[in-house]
Every structure is written in C-alpha cells, then in structure tokens.
Amino acid sequence: MVKITYKKKDANLRQVIRPKFGKNANLRKNVHLFAKHATNIVITTQNDFNRYQYSLSQSFKTNSTSDESHNLNLQYDNILDNNIHNITQIINHNLSISDINEENQENRSDQEDEINQENEDQENYSWESDNEDQENYFWESDYEEDDDLSFEFKNQYDVLQNTPTYYGETKPYFPNKTVMMMFIWYTKYMIGSHAYQDLAKIIRHPDFHALDLPLSITTLKQMRRGLPLMTLNSHNIKINPKDTPSTSPFLKEGYTFSIIDHIERLLNNPLIYPKLYFGPGVETSERSELWHGQVWKESPLFGETEYRIGNVLYKAGDFVLYYTKEMTEQRLGQINGIVIPKENSKQHLLYIQKIIYYEDLPGNIKSFNRQNQSNNHNTVWLTEKREIISVDDIITHVNIWLEDLPEPVNYDYRIKEILYTHNNQQKIRQIQKRHRLPCYSFQKPPGLRHLKFFVDLYFDDFGAFGKSYHKLGGLYVQFGNMTLSMRQCLKNHFLIGLIPFGAKFTDFIKPFICQMQKLQDGLIMYNCNGEEVFVSGGLGMCTADLPQGNDIAGVRRHNADRGCRSCEITQEKIGDINFDIYMNCRYCHITDLQYQEIKHAITRSAKKNLAKKYGLCLEKNILDHLIRNRHVQTPQDPFHCLAGLVRRLLDETFNSMNCEGHSEFIKEWRVFEVPSIWNRLQNPITHRDSYWMNDSLRLAMIIPYILTRAINHRHYKAEVLTRIKNDCLLSSQVQVPGIIVNCWVKMAKACKYVFKTPYVVNTDYNDYTILRKILERAIVALLKVFGTVFSKLPNIHALRHLPDIAANFGTLINTSVSIKEAVHGLYKRFVPHTNKKDISMDLSKRDNTLQTLRYLLDGGLDMRYNKIDLFAKITYDERLHNLLDNWYISDIVEDNTAESCSDIFSIHPDFQDIQVRGLWKLNKIREQNLPSVLSAENFLTDLTRIYIDIYQNSGAIIQRHVDYYSSIRFTVKNGDVYSNITLRIGEAIDVENVDDPNGRSYALIRAIMIHQDDFRRNNPFLLIDWFYEKGSADSVTGFPIYGLQESDDHSWFHLYPLIIVDRKPKVHFVHKCTARCSNGSHDKNNEEWQTGNTPIRDYIDNLSNKDLRSLEKKNIMFMDQITTDAGWSIFIGMGRSKTQQLKQLHRKNTEGIDITLEQSTEDGDFWKNVITRYTPRYNKTDART
C-alpha cells in the first residue's frame, strides 16, 4: 500500500485547474471541493482507484447547484474520459510520497476550515462568467468531432541501423575502450567539432605523452606564470551602492594594464614594429590613414611642427609671406604643420592656412567699414582653406596679431575675422571662434630617433551576462601608427581594463592618466633591434557612442538642451538644416572659460543653472588633464549615428504600410538576391528588434530595390498617403511610394559615402565636399517625408559634423567603432567559463595570456632569455597547425572542410592555400549546361590558350575531365598584408582594368573549374560572364546599368585563371526586374542589371529652360519623376488616352511618351506643361519600361 498526500503546506489546485476554466472562472467556489476530497487519498488496488474516480465524479455532481446539474451530467462522460487521467497525474505530481503525521493532518484540517470560512459569503459551488452562453459550463473539452487528426511523418531519426559488430572487450558497440571513453566524454560535455579536432591532434602528436599530462587543471593554469606576462595592476575604487545589489562591497579592486607596457610590447615585436608609421602628416590625393588627417598634421604630439630653412626655424603657428606655385604673386599664410607628399619621403612641405587681403574678399562680404580697416589698420582675413607649398617658396616671417590673443608690441597685420563657407555661401565670424593650434615641446636627447605614438582610447559599456543588468565598462586602446588594415584586426585592440559594475569612469582611469602624462613628456626605450629610442605620444582620439562620448567631452547628454558635443545647437533647432554649426561651434578655449565660470559660482544651484545654460557638465572630464582638444578629438561616431537613423527609418516605413504591404514586402525580401557572405536576416517587420546595427545598415542597401519591385501606393495606409502628399506638395498619391523610395536611396548613398575608403582629394575632385552634399540631401529627405519623427533626433544633427570629422582623421572609418564593438564579444563569450566571482580579473588575466602568446608567436623578445624559437616551431608544424587557425590572435587560417580537392596548384607565389568546396554531381553539371569532358566544341581551345600564355605549357592536353565546385577560397599576399578571399557561384567579381589601372571591370562567376594537367597538378579556373556598361543610369539610385555577356557571346573570353581576382569582391549587382520576373526567378531574356530610363533622362537633360517654359499644358498619367538642380520636378507619363496602349508597350516600341514639367510658385500654384513627345528606341523593352 502506498500513501499519497500533500507535502506543501498550502498546496491547492488553483494553478492546476486554471487553464481548464478560463479567465472568468471563480476557482474558490469549486476547487476547495476537489481539494477536500483529495486531501487524504489512499490507493491500494486498482479497484480502489476506480472507486476513487467514481467518488470524485459524484462529489462534483452532488456539490453543484440545481441549475448546473443538468449540464454537468451531460458533460460528465467526457470529463471523466478526457480529464480524470490528467487530474490524477497532477495530484501525483503535487503530492509527496511520505508518511503523514498527526501534526500535518491538523494543519491540513485547519487550512480546510479557513477555506470553507472564506467561501461562506459566496454562492455555493458556482462562478460568474461574462459569456452568457457558457456561464453554466463547469468544464469544457477542446475536442471536437470534426477535428482532423490525420498527419504523416516526414522522416524518422535514431532508428535501429545495421552497424558494424565489434568483438573487443567493449563489444558490440565500440571498437575499443579509447573510443568508448571519448564518446562518453564528448556526450557529457558536448564538445564542439573544432575543440575535438584540436584535442585529437594533440593526443596523436608523437611528442605527446599521457604520463606527462597534469591530473589537475590548476596545475595547467599555473603554467602561465612562466610566460613573459604584462603586469596587471590594481587599485581600490568606490562602488555606487545605488547601482549594485545590497550585498556588494563599497570598495572593489580595479585592474588595469599600463599603456607604457603595451608600447614596449609593440617596440619588441619584430612583426609589428617595422610596420608602424612614425613621421609627419602625409598630404596625398588618396586619404585612408590617420596620418592623412588634419589632426595628425597639426599636432606636435604626432606629426612635425617645425622645420629649419637655412638658419631660420619655422614652427607651426608662425605667419609667413610666400610665393604661389606659379610664382606670380605673394600671399600671406599661417604654418599649421610640416607634411610630406608620401610615406617615408625625404621631401618636406609646409601646410599653410590661407590669409587674404580685402581685395580677395567675396562681394557679399565687402563693405565700407572693412575697407577702412584694411586701409587704416592693415587688417587681413583668415580663411579655412589650406594648401601645400614648397619650403623654397617661403620668403620671410610676418608678424600678425590675432585679436583673440594679447596684443604684441610690434605687428605688420591684424586679424579679427575668419572667412568661411556655410550652405554654399561665404560668411564671416569673429576670430575668437576658431580651433587654436596645439602647442607642446619635448626635451629630446640628441642623437636618438623620436617615435611618437597616436593613442586612440575607446570606452563603452556592455552587458556581461546578456540581458541581465550587470554591465562592465570596456576600456581599450588602439595605436594610430598602425595601418587601417592592422587596426581592423581584433588582436590589435589592447585592453586597458574592465570597469567593475557600479564603479565610476573617473576613479578607474586615474592610472591611465598618470601613465599618459609620462608618455607626453617622453621616455627612453629599446626596440626589437636593441636600439635606444626616445618614445612619446598623446591622446589622439577618444571614440565612444553618443552618451559616453558626451561624458568624455564634458558635455551634457544628447537629449538635453545644447547636448551636442561639437556645437551649441538647441533642441528646437536640431532639425534645422540652416543652423550655422561653425558660428555656434564649441571651441576649447571658450568652454574653458565657461567651466571657470561654473566653478566659481557660489551656490550649487547657480552652478547647475550655468551648466544648463552652456550645455556642459558641472566639471571637466578627467581626460582634460591630458593635452587634447575635447571637442575635436572626441568625434561623433558615424556607425551608431547612421545605424540609429536607419533603424528609425525602418520603423517609420513599415508602420506606414498596411497588411498587404507587409505581405508583399516579405514576399520580395525572401527571394531578393543578397550577397552570399551576408547572414540571412530575420523578418524585418516582426523581428527587427533583434537586429544588430550591421544588420540594419545592410538592409538599408537593398530596401530601395525591394520597395521598387514590390510596393505601390495601394500598400500604404491612407492617412500616410494623404500626409506625405500634402507635405511634399504632390499632385497625386501615386507619387508617394517614389518619395519614400527616394528617401531610402539617399540614406543608402549616405551610408556608402560615410564608410568609403579612401577619400580622394585633388584639384578637380573632393570627396569631402561630395560627402557633405550627400549627407545634406539625406537630411532634407528624412525631414521632408518623416519630419515629425526625425526633427528631434540628435543623430540627424550629428550627420552635419561628419564631413569635418572625416577631414580631421582622414576617413570616417578611422573614427567608427564598428570593429571595436566586436571586441566586447571576445569577453562576453567567455564569461560563462568563469566562476563569476571577479569577472574583471578573470577576463583581464585571460587577455594577458592571449596577448603574451600572440607576442611569442610573432617572435617577440623575452629579456630573461637570449632567443626562444619554441612557438615558431609550432607555427610551422603542420600537425599542430590547427591549434592556431581561426584564432583572432593568429594570422593562420585553414579550412578543414575542403572537399575532394585540397592540393591545388598556384601559378603565382602570392596566391596561397587554395581550397575548394561543394563538388558538383553530374546531374547538376548537366542542369547548368556545362561539359564534364573537354572538347573543341566547349572549353578546350580557351584552356589551351591559358596553359600556353600563363602556365608556359605548350603541350597537348591529355586529361580532358574537369570538376566543378560551388566555392573556392584562397589567400592573397600584398606586401605584408594577407587577404582571405572566398568566391562563390553567382557572385560578382571586380578585376583590374588593363587599359586603366585605376578602373575596374566586373564579371559574374558562372562556374569554378579544377583541371588536372599532365604534371598531375590541380589548376583552378573561373568561368565568367562579363558585365558591360550600357551608357545609362538607374532612375532610382543613379547607378549605371550594366548588360551581362551571354554564354554564346565570345566578344570577351569566358575562361580565366584564378589569379585575375586579387582582392575581395566589393560589388553586388541587382537584376533589373521586369513583369516577367517573379518569386526570385529572373527573366532569362533580360540581361540588364539594375533599372533605369536613361534615354528619357538624357533627352530631358539636353532641354533648355526656354524650351521647357514655352510648351503647352496637357493632362497626363504619372509614371516617373526626375528632380533637376534648378528645382523643377519633371514627370514622365503617357496621355490618359494611351492607357490601354501602355500595356502593349513591350510589343510596340514606337509609342509616344509625354514629358510634363511641374514647378510650384510662391503662392502654391503649379505650372504644368507638356514639353514634347519622346519616342524611346530600346533593343529590349518591357511593360514596366
């Protein structure tokens, strides 16, 4: 006999029966009856159990009211059959098998009395329901007789199989004990495939001896003590009790690495030190590095700021008189720095800021007052334009008084105003509103080489436990002396420390400040060659996202009034494109005075009012103890800025659509041809909250095409169509989808230009100017379409500062934190593997070990020993090769998943580690209409040509069989930089143009071929179709339209060796879809990629304004829209009488098209004129065209 009773004191069945009753059921009127009968249940036999079922059902019936009895009797059979088994299981689950003592029985009786007393004032055994039709039902089954329960199993897994029979001591399942133990160990710990491969390599290595293996992991961890680790310092920091649990201590240890130790590591690393750049700023036409930016050129901490010409020393800040390049006139200028034309050049140039006379002022600036100042006081004007002059063009020094500085005793000229450009208009501001040049001097010992380090400090918070509220502050540094490709490697982000949860940035970073002050003054070190060098450096840049960046700059958060760290814009004017960011810019010497005013305020209330007035914090940031310009050297982050805007634009676009629009968008999005390297994103309408910032930016590049293909005015809500039509002064709601697409196009172009590298600057072309125009157009488009939402976003204003930031630091990629955000993942990934007690110390120690291993793998020096080549042997040991592959601290990359053909020959030494994947079967080869055997009718002639021209093999091809693969991976060496390239079928590649070294040609990969020559070498080839420009552009994006070479078109060769691709593909082509394209299947007869109506556009561009105004008005049907620079909106359409003929345009390509001109006047009226009839002549036309 088994006794079953309640173990939990207040256990009842309220939670158990709740799902069966519904929301409005009053459980207290019924559950206590069931609990009362189920309190003491003794089940001895099956008959007892049956009697219990009957008794239980009778209890329900007898305790029901008379109104309920009839319905309960009707329901009883179903209740008993369908639910009594579930109730029994629930009782068994909630009751414990134990002996019940008298005390527990008394407690249970007391509890039942309390329940009965509680229900005395209620109606007996009934409940209320809002549903009148079901208010008398006690229990309702979900089962219906009409339910279809038929189904069919698709597959069966883990069924018994005929496996080999083993006869050893571990028969019949395992061949031996080794396999059995490893299988159990793998199953217990769920070891990944890469980890198991590493372990198998170690165990099977001839130098591995099991008896030497430590039994304790603690012994293994202690091995790190012998490595040349960096010192991990700690100091006490205060913990804010408001941010942490009540059990947290008020003091914790903060662990930091020394910036000087990091620099010493770099100097003694033979792989890194030769690649570091130490020199003046470089003035080049292609700008991609930090030393191409204005900050490096003008700062004495990084570049050169003085140069001796003869016996005269010229320094940054000096005013000079010089000849122009044509030697035709003399000009005034201020030296901002010393630059060179290219890296490691011996030629020195002067970086000059122009100064002009009154005669050179633009007409809108000239005035009688300024003319008198020029004539009577020798006033000249400083400009923001800079130029490069040779040292031979210098004539002499000139004394000029800048009126924001103390007046000197003697001076030749004076400057009180600055000429600058805002919104394509020349304007004037006072000389006080300028960024002053930094001034600093070193006491460098003579004879030593001077190495100046550019330190990039990055700070951001991240959640150590995913969504749990426990954040760490990551503090990392990068060195701007590394090239961009080196700085984009995760291993070149160096940890300073992890700020504990609840600690303040100010308390934690104090050791870093002290070490940076020593670095500013300079100190003597040794490099990997044993040479003595003088090392100095400074804080070149502080990167962070929007909130932390404002904190570092000492400015209030971005949602406060005047919360921009670059200018003093108010919240009301954030969306004002005409706001003058230069007149109202934050200048360091001015904010210093404002901080002094806040500091000397008497009361705390007065301090807060002043801080609110200026948009500043109550005190300076602790980083101001270092030499820096807090507003220039704390740039806005373009990555967070654009990703936030794109995300908000996604929300507004999808919220504007109706349900049909959502369905059509997802239908097209699922089949859209995205680059193969992209991860497939989740549904952007329902799951965009889970998107990373990279995901949003990627989606921004393809949304214009998806909207063009799938969405029209019927897919938007009526109120959205009406609002945009009225706000944009449109003549029809049909035009609204084009306006939204145009908004996305401008945003996509802004993303493309922001993350472009390099920026090109010459006499005829300036990428910084183009960037400014593109960003302004994007801002105007966003405010025009969704002004209510975007007019108050700080990101929309931050876009206006990006062109100046790009000029200061070379490119915007140099200031972006996209790669730095990924560093957080290195630490978050290993938090679960710690004991969670002191995460900051555990992660810091692990990073120290990793960086030390990387240092030794690179051949770094250990001062305790002469020479160590232990880790170099591991690098070249093929049996241990995979210990270092796919590891961010190692450059070694190996793919162990290559299929069938892993030993592939490379004709060029810079092409290494070639591997293929995805061997095609014969039926797939036939589907693609490709030959598996070479002959004169297919590729034999082309292959013979390649062997003769490239491989220098003029023999006959004996082996005629070829294999096809889905992808190929290889490594290309370009100098000291290795690039891992993966090519896949259906992807576009860009190839250097032989005729134009700066140009690129594009092709589509049709097949990847491997052919074995007579020397039994497997040679890789690409079967490609070339793209060719058709001389037209896409009407939506403005990008050129390309045609695709057909397979039977032999104008260009189709077969090429692999070595034509020497860099990662950077292009992606989108098919110009027509009405014949559907569900991701493109019209094979349409070889055009992207969309456009350029013949019409070209015709319009050739029309003069006189012709446009002289033509008659006519009613049209809207088809397309083009906006010209003159502000005209040109609509292309058919006459309404031609509507039916439009459907047959693909058969009649001589149909006339009306072109209508529309421009709004000051009073809101419209002028419309049909200016001409145009007959397009296409080789291939379709209904959409």
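The values are calculated or read from the model by the stated rules, or taken from the named source; none is laboratory data. Quick caveat, the model's predicted, so the values are computed rather than measured. Positions of Cβ are generated from backbone atoms using ideal geometry, with glycine treated the same way; all protein chains shown enter the neighbour counts. These area figures cover heavy atoms from the full protein model, side chains too; ligands, DNA and RNA do not enter into them. Shrake-Rupley method; radii C 1.70, N 1.55, O 1.52, S 1.80 Å.
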*Can you give the accessible area per residue of region 555-620, in Å², using a 1.4 Å probe?*
53
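Can you check how the C-alpha radius of gyration of region 555-620 compares to 2.2 N^0.38 Å, as a plain ratio? Walk me through the numbers before you get to the answer.
On the way: Rg = 12.1 Å, N = 66, 2.2 N^0.38 = 10.8 Å.
The reported ratio for this selection is 1.12.
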_Using the basic label-point model (7 angstrom from Cα toward the beta carbon), what is the N369 to S390 distance in nanometres?_
4.4
_Between region 602-664 and region 684-703, what is the separation of their alpha carbon centroids in Å?_
21
_For the pair F462/M223, report the inter-label distance in nm, with labels modelled 7 Å from Cα in the Cβ direction._
2.7
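What part of the accessible area of region 302-433, given as a whole %, is carbon or sulfur when the probe is 1.4 angstrom? Before the final figure, lay out the partial values.
Working: 2960 of 7050 Å².
The value for region 302-433 is 42 percent carbon and sulfur by accessible area.
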*For region 638-797, with only Lys/Arg (+1) and Asp/Glu (-1) charged at the beta-carbon, what is the dipole magnitude about the Cα centre, in debye rounded to 20?*
100
*Any idea what diffusion coefficient region 900-1067 gets from Stokes-Einstein, in µm²/s, Kirkwood Rh on alpha carbon pairs, 25 °C, 0.890 mPa s?*
144
*Centroid-to-centroid separation of region 459-530 and region 227-284 [C-alpha atoms, Å]*: 5
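Take the alpha carbon gyration tensor of region 302-433, find the square roots of its eigenvalues, order them as a ≥ b ≥ c, and report rounded if a/c is under 1.5; if not, report prolate when a/b exceeds b/c, else oblate. Provide the component values of the computation, followed by the final result.
Details: a/c = 1.89, a/b = 1.58, b/c = 1.20.
In terms of gyration-tensor shape, prolate.
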*asked:* If I stretch the segment between K491 and N311 completely, what's the gain in nm (0.36 nm per residue apart, minus their alpha carbon distance), one decimal?
replied: 60.2 nm
*asked:* Below 8 Å between Cα atoms, with a sequence gap of 6+, how large is the relative contact order for region 900-1067 in percent?
replied: 21
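Rounded to the nearest 0.05, what FRET efficiency do K504 and M525 have when you use their Cβ-Cβ distance and R0 = 30 Å?
Here the calculated transfer efficiency is 0.40.
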_For region 638-797: span of alpha carbons on each principal axis (Å, largest first)_ = 50, 40, 27
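Given a 1.4 Å probe, how much area per residue of region 936-992 is accessible, in Å²?
Working: 2830 Å² over 57 residues.
Heavy-atom SASA per residue in region 936-992 reads 50 Å².
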*Relative contact order (%) - region 283-429, alpha-carbon pairs under 8 angstrom, separation at least six*: 19
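So how much slack lies between H600 and E253, counting 0.36 nm per residue of separation and subtracting their Cα-Cα distance, in nm?
On the way: separation 347, 0.36 × 347 = 124.92 nm, distance 3.43 nm.
Value of the extension gain: 121.5 nm.
For a Förster distance of 25 Å, can you work out the FRET efficiency between the beta-carbons of K242 and K836, rounded to the nearest 0.05?
Numbers: r = 22 Å, r/R0 = 0.88.
After rounding, the FRET efficiency stands at 0.70.
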_Which of A778, P704, Y716, positive extreme of dipole for region 697-829 (C-beta unit charges)_ = Y716
*asked:* Given axes a ≥ b ≥ c from the Cα gyration tensor, I'd like to know whether region 788-827 is rounded (a/c under 1.5), prolate (a/b larger than b/c) or oblate.
replied: oblate
*Calculate the spin-label point distance for K921 paired with S676, positioning each point 7 Å from the Cα along the beta-carbon direction, and give it in nanometres.*
1.9
*Of all the accessible heavy-atom surface of region 542-658, with the other protein chains kept in place and a 1.4 Å probe, what percent is carbon and sulfur?*
50
_How much accessible area per residue does region 638-797 have, counting only protein heavy atoms and a probe of 1.4 Å, in square angstrom?_
43
*For S979 and E403, compute 0.36 nm times the residue count separating them, minus their Cα-Cα distance, and round to one decimal in nm.*
202.0 nm
*asked:* Using a Förster radius of 51 Å, what is the FRET efficiency between F183 and Q517 based on their Cβ-Cβ separation? Nearest 0.05, please.
replied: 0.30
